[in-house]
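The values are calculated or read from the model by the stated rules, or taken from the named source; none is laboratory data. As the structure is a computational prediction, the values presented were derived from the model and not from experiment. Glycine also receives a Cβ, built like all others from the backbone with ideal geometry; neighbour counts cover every protein chain displayed.
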Amino acid sequence: MFKLNEIRELVRLLDETSIAEFNYEIEGAKLSIKKTTEGVQVLAPVVQAVQAAPVAAPVAVAPVQEAAPAPAAAAAPAEAAAQKAVDPSLHKIVSPMVGTFYSSPAPDADAYVKANARVEEKTIVCIVEAMKLMNEIEADVRGEIVEVLVENGQLVEYGQPLFLVKVD
């Protein structure tokens, strides 16, 4: 059975992403979360017995607050990063999944890599945590880290650029 704090965490994570629908099933228990224009809707977890028919009752969740448009000054760093990413000589190391980006193996440890660091293929550059699993992300090229594009603890999307690398 799903715990309330786990469902709340999933709703929070879903709210911070562009994912519109999330379905999860474990040991006969099913959970379905869908974003709507009114907010996030959680269909109550259902545990199916062998002879029981599935039942799903909607549970009201606080509406999702629409984000205010970002001011032009706040958008400038994102635009600068996008312009660097367009540079064909720079390689992007991207996130292979949705999760939380961690630059180091532990909160008190040094970052795996920083700007101007040299990397080889298979060098661990960060961790992306997804569903309580820590996934080590490796460089897929040899070169020099030009820029780290995300902050420690930031939620990242599938395919989101994490690092720019000047390839050797």
Picked from segment 92-129 (must be of a type in the set (Gly, Ala, Ser) and closer than 18 Å to Leu164 by Cα), the residue farthest from the chain's Cα centre (by Cα) is Ala117
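Any residue at all in segment 26-42 that is under 15 Å from the mean Cα position of the chain (by Cα), at pLDDT 70 or above and among the basic types (Lys, Arg)? Walk me through it before giving the result.
Our first condition is that a residue be under 15 Å from the mean Cα position of the chain (by Cα); within segment 26-42, this holds for none.
No, segment 26-42 has no match at all.
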Residue pairs within 8 Å by beta carbon, gap of at least six or interchain, first lying in segment 92-120 and outside any loop (DSSP other than H, G, I, E, B), second polar (S, T, N, Q), listed first then second, are Val94/Gln160; Gly99/Asn135; Thr100/Gln154; Phe101/Ser95; Phe101/Asn152; Phe101/Gln154; Tyr102/Asn152
Could you tell me whether segment 109-126 includes any residue that is of a type outside the set (Phe, Trp, Tyr), within 30 Å of Ile33 (Cα to Cα) and modelled with pLDDT of 95 or more? yes
I need the full set of residues from segment 144-160 which are buried (at least 20 other Cβ atoms within 10 Å of the Cβ) and assigned to a strand (DSSP E or B), in order please. Ile145, Val148, Val156
